[in-house]
Amino acid sequence: MHLKIRRASKAYAGVPALIDAALDLYGGEVLGLVGENGAGKSTLIKLLAGLEAPDSLEARLNGARVTIPDSAAARRLGLRFIHQELAIVPALTVAENLFLNNPLPRLGGVFVNRAALYTLADEALRRLGIEHIDLRQRAALLSPGDAMLVKIASAFIGADEQQPLIYIMDEPSAALNQAEAELLYAVIERLRARGCALLVVTHRLHELFRIAQRVTVMRDGRVVTTQKITETSAEALIQAMTGANASQLPATEQVKTVPPAERPLLRVRGLRTDALVSASFELRAGEIVGVAGLAGAGRSQLLGALMGIDKRRAGGIELASEALQNPAPADCWARGIAYLPEERRSQGLLLGGRVSHNMTLPHLSRFRRWLAMMDRRAEDRRSQQLSHSVQLRATGIQQRLRELSGGNQQKVMFARAILAKPRLVLLDEPTRGVDVGAKRDIYRLIRELAADGAGILLVSSELDELLALCGRILIMRERRLVDEVPTADLDERALLSLMFAGAA
Amino acid sequence: MPQLPHMPAFLRRYGTLIGFLAIVLFFWTQRPQTFMTLPNWVNITRQMSILGVVAFTMTIVMVTGDFDLSVGAMASLVGIVAGSAFQSGAGVGEAVALALLVGLAGGALNGLLVAGVGISAFVATLGTLTVFRGLALYTSGGASIYGRVIPAEFSSFGRGAIQLGELRIPNLTLLAALVLALVFVILRFTIVGRRLYAIGGNREAARFGGIRIARLRMLSFVISGLGAAVAGLMLFSRLSTAHPTQGEGLMLQAIAAVFLGMTMNEEAQPNVLGTLVGVLILGVLANGLTQMQIDTYIQQILTGLIIILAVTLSSLSQRGLRAPEWLRRLLSERRTT
């Protein structure tokens with residue numbers, strides 16, 4: 001099997017997103033696709049999926065010329081997609097979600113054959129080695145990691161074991177923790193062995209070296225190079241992606257240990273909500289503290305409890321020795337707590353809104369003039385400054401958020417967080433789906449915030465990130481904060497075993 | 001590859017406005033003597049002033065992503081409340097204050113149900129619509145209030161006008177313009193306006209981003225209730241009659257006007273200037289079709305079709321949304337043959 005793509009081009013409103021890209025997929029091989037955000041990877045995939053009409057595209061499947069006018073055509077050609085955005089319908093059950101892009105098994109041509117539905121769905125999950133997800137459960141109750149697994153599994157529904165297909169995955173592991181990612185790698189390997197062709201977009205280079213045989217690098221809408229994985233290195237790939245020298249990349253700097261202040265900035269005692277069993281810890285000004293745990297361990301719920309998003313059932317929170325009594329998120333922002341939620345697109349951003357409006361959202365009362373009028377000039381000025389300090393790549397502060405790449409959207413969230421010089425910053429997966437260059441900028445921003453005296457609580461599934469940035473790491477298991485360890489005597493393996501302890 | 005050619009951004013944004021001008025041009029050619037005259041246009045602004053007030057305040061509710069279906073029933077109820085007050089000997093000031101208070105209370109009730117209890121705006125205001133209508137019918141015994149009991153200075157307001165040089169501007173037009181200006185300033189220039197748009201843009205992101213959602217949704221329903229009350233008083237004053245169902249047509253027309261206005265915004269957000277054009281379209285249609293002596297029932301059919309057409313065209317041309325396969329095929333075949 002050979003899918004040959006040539007001359008793939010696409011411009012949005014005159015701005016080229018993809019320029020004359022070429023790609024070859026072969027049966028029995030995994031091709032990795034890497035590049036910074038905005039390099040054109042997602043655009044290329046959308047063309048292959050028939051979701052966007054290309055300006056030009058030449059596709060040949062086993063030598064025969066084919067066109068992909070819509071997603072049904074892509075399906076007929078044997079292409080299966082796992083897109084970056086979570087397309088889960090919360091009101092449907094897990095099994096029904098698995099069949100979203102697939103014809104449902106019928107009874108008498110009209111009715112849904114429930115029994116067959118559950119059997120096939122069960123098969124699909126089992127094929128991925130997933131056993132902990134209840135098929136009859138509403139998808140709304142799934143954690144982001146589990147939701148991603150369900151989405152991945154849906155690409156295998158109705159897959160004929162005999163006929164190999166072409167699988168195209170856009171950052172399939174972005175929302176997964178290490179254990180879940182291992183499941184995914186096993187599935188990818190099985191598909192490859194069966195003769196399928198796979199295209200996997202990823203930001204995790206170590207993952208690339210594990211699963212791919214060849215790698216294609218994109219930059220600024222063009223394919224820069226395609227190489228055998230054995231003939232390249234992480235440094236070479238980073239250089240090809242950024243066009244910069246690898247030595248400029250985030251070094252795992254020595255973590256600064258903060259001298260104990262007289263009073264902690266944040267003191268949490270016996271905190272409990274409906275989604276969090278218990279948490280007690282302290283955080284000092286200028287300190288970066290990590291939160292580690294498996295998916296569903298309650299890491300996001302801890303931040304949600306601090307931010308006043310979930311109603312507090314018990315316990316106390318003191319910020320700079322002042323008690324926070326059941327605050328709303330608005331009160332927390334006003335007290336100097338900044339928050340970057342896990343799902344920046346659905347929980348953080350106004351995608352249809354402008355860059356400046358997104359930056360100032362929690363701070364609008366700072367731009368008050370007479371009679372509660374907006375001081376729009378001051379707003380614009382401040383947004384300009386912030387764009388500069390987070391090194392935002394946008395056409396201007398008037399641009400709509402929807403048009404920015406994932407990394408630049410996240411930089412807008414950081415601009416929002418630093419606008420009012422926060423005392424405490426809550427970060428939930430701040431580098432998810434963000435390219436190498438933006439990651440470097442975000443690490444720099446986090447360190448600068450801490451250096452300016454803010455306390456930072458960082459939730460991340462990337463263990464190297466936690467180890468590189470944090471002085472201490474809080475360990476969560478089963479919705480409890482169970483342990484607290486300094487990173488000085490910790491490596492990834494040790495951290496992982498702490499996360500798993502008791503669960504195994 | 002078959003694809004609907006992208007409509008120029010210009011047409012996407014101004015399509016509805018162009019349609020409006022086409023309608024005006026059509027009536028101009030059909031009724032050259034009467035349609036395009038200053039007195040007729042002054043007349044149109046007065047005819048649409050009541051709908052305008054409801055639609056402008058409805059825009060605020062729709063900015064946050066909600067609806068208020070109870071406005072028509074509220075306008076009727078307010079007329080009956082003021083009429084009953086007159087019957088029991090109240091003065092104009094007292095009756096108007098009482099009527100506005102009822103509008104405020106009704107709006108607060110809607111806001112409480114939607115933002116406090118958490119019922120969907122559709123269901124909650126459908127419920128209060130029925131309650132308000134029942135109240136109006138019960139209080140009035142199903143009969144109209146008219147005649148001597150209504151103070152002359154109250155009914156003269158609705159017919160009155162201010163002489164401005166050559167021009168006689170109706171009081172109702174002025175009042176609607178005032179409400180328009182207020183809503184425009186709130187939505188465009190104030191912090192509250194920005195927050196309302198944020199709630200409509202992404203409710204969860206707005207909450208996580210420190211916006212007090214419940215309070216603002218409550219406020220938007222109170223404003224819409226007050227708008228309905230003002231419209232009800234305008235209607236009562238204009239007709240010198242309060243009938244328990246006379247405001248009923250307002251709700252659908254107001255929502256239609258906001259929808260028409262949304263087609264003129266690149267992000268398809270409700271905006272009050274767009275709503276104004278929507279109201280103008282509805283007002284001009286009613287005026288022109290009446291002049292052409294077209295049956296009012298036919299008028300309704302035409303108005304409905306025009307609303308559907310405008311919203312369809314604008315959603316087809318919106319970014320990211322593509323025409324259905326059959327339409328694209330149709331268009332691409334046309335181009336090749």
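The values are calculated or read from the model by the stated rules, or taken from the named source; none is laboratory data. None of the values given here were measured: they were computed from a predicted structure. Note that each Cβ is placed from the backbone with ideal geometry, even for glycine, and that neighbours are counted across all protein chains shown. For accessibility, only protein heavy atoms count, side chains too; no ligands or nucleic acids. Shrake-Rupley method; radii C 1.70, N 1.55, O 1.52, S 1.80 Å.
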Pull up segment A:65-77, narrow it to residues that are within 14 Å of another protein chain (Cβ to nearest Cβ) and part of a loop (DSSP other than H, G, I, E, B), then point me to the one that is surrounded by the most Cβ atoms within 10 Å (Cβ to Cβ).
A:Ile68
Please verify whether A:Arg210 is at pLDDT 85 or above and open to solvent by 60 Å² or more (accessible area, probe 1.4 Å), treating the condition exactly as stated.
yes
For segment B:204-230, pairs from a residue that is more than 7 Å from chain A (Cβ to nearest Cβ) and farther than 17 Å from B:Val81 by Cβ to a residue that is polar (S, T, N, Q) and not in a helix (DSSP H, G or I), with Cβ under 8 Å and 6 or more apart or across chains, are B:Leu216/B:Thr64; B:Arg217/B:Thr64; B:Ser220/B:Thr64
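Yes or no: A:Arg80 of a type in the set (D, E, K, R), surrounded by fewer than 17 Cβ atoms within 10 Å (Cβ to Cβ) and either over 18 Å from A:Thr226 (Cβ atoms) or away from chain B (no Cβ under 14 Å) (or both)?
Values: of a type in the set (D, E, K, R): yes; surrounded by fewer than 17 Cβ atoms within 10 Å (Cβ to Cβ): no; either over 18 Å from A:Thr226 (Cβ atoms) or away from chain B (no Cβ under 14 Å) (or both): yes.
When the stated conditions are applied, A:Arg80 does not pass them.
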Take segment A:44-64 and flag every residue that is surrounded by fewer than 19 Cβ atoms within 10 Å (Cβ to Cβ), modelled with pLDDT of 90 or more and at the interface with chain B (Cβ under 10 Å from one of its Cβ atoms).
A:Asp55, A:Ser56
Which residues, counting only those in segment B:74-133, are more than 27 Å from B:Phe154 (Cβ to Cβ) and in contact with a Lys or Arg (Cβ under 8 Å, 6 or more places away or on another chain)?
B:Gly111, B:Val114, B:Ala115
A:Arg423 is checked against (1) away from chain B (no Cβ under 14 Å); (2) open to solvent by 10 Å² or more (accessible area, probe 1.4 Å); (3) in contact with a helix residue (DSSP H, G or I) (Cβ under 7 Å, 6 or more places away or on another chain); (4) at negative phi and fails just one. What number does that condition carry?
(3)
Over segment A:372-400, the set of residues of a type outside the set (Lys, Arg), open to solvent by 40 Å² or more (accessible area, probe 1.4 Å) and without any contact (Cβ under 8 Å) to a residue 12 or more places away in the chain is A:Asp375, A:Gln385, A:His388, A:Thr395
In segment A:83-104, how many residues are of a type outside the set (S, T, N, Q), surrounded by fewer than 18 Cβ atoms within 10 Å (Cβ to Cβ) and without any contact (Cβ under 8 Å) to a residue 60 or more places away in the chain?
7
Can you tell me which of (1) under 17 Å from B:Ser49 (Cβ atoms); (2) within 14 Å of chain A (Cβ to nearest Cβ) is the one B:Gly158 doesn't meet?
(2)
Which helices (runs of 4 or more DSSP H) sit wholly inside segment B:145-225 and have at least 3 residues that are touching a Gly at 6+ places or on another chain (Cβ under 7 Å) and closer than 23 Å to B:Glu94 by Cα?
B:171-189
Looking at A:Arg368, A:Arg432, A:Arg345, A:Arg402, can you tell me which residue is within 13 Å of chain B (Cβ to nearest Cβ) and under 21 Å from A:Leu302 (Cα atoms)?
A:Arg345
Out of B:Val149, B:Val192, B:Val179, report the one residue that is modelled with pLDDT of 95 or more, open to solvent by 20 Å² or more (accessible area, probe 1.4 Å), among the β-branched types (Val, Ile, Thr) and over 19 Å from B:Val54 (Cβ atoms).
B:Val192
I'd like the full set of residues that are of a type in the set (A, V, I, L, M), open to solvent by 10 Å² or more (accessible area, probe 1.4 Å) and touching a Ser or Thr at 6+ places or on another chain (Cβ under 9 Å), limited to segment A:105-138.
A:Leu135
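Inspect all residues belonging to segment B:199-207 and state whether any of them is more than 16 Å from B:Pro270 (Cα to Cα) and either in contact with a strand residue (DSSP E or B) (Cβ under 6 Å, 6 or more places away or on another chain) or among the basic types (Lys, Arg) (or both). Outline the logic, then answer.
Narrowing segment B:199-207 to residues more than 16 Å from B:Pro270 (Cα to Cα): B:204-207.
Add one more test, that the residue is either in contact with a strand residue (DSSP E or B) (Cβ under 6 Å, 6 or more places away or on another chain) or among the basic types (Lys, Arg) (or both), and what stays is B:207.
So far as segment B:199-207 goes, yes, one or more of its residues are more than 16 Å from B:Pro270 (Cα to Cα) and either in contact with a strand residue (DSSP E or B) (Cβ under 6 Å, 6 or more places away or on another chain) or among the basic types (Lys, Arg) (or both).
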Exactly one of these conditions fails for B:Ala268: (1) of a type in the set (A, V, I, L, M); (2) assigned to a helix (DSSP H, G or I); (3) within 14 Å of another protein chain (Cβ to nearest Cβ). Give me its number.
(2)
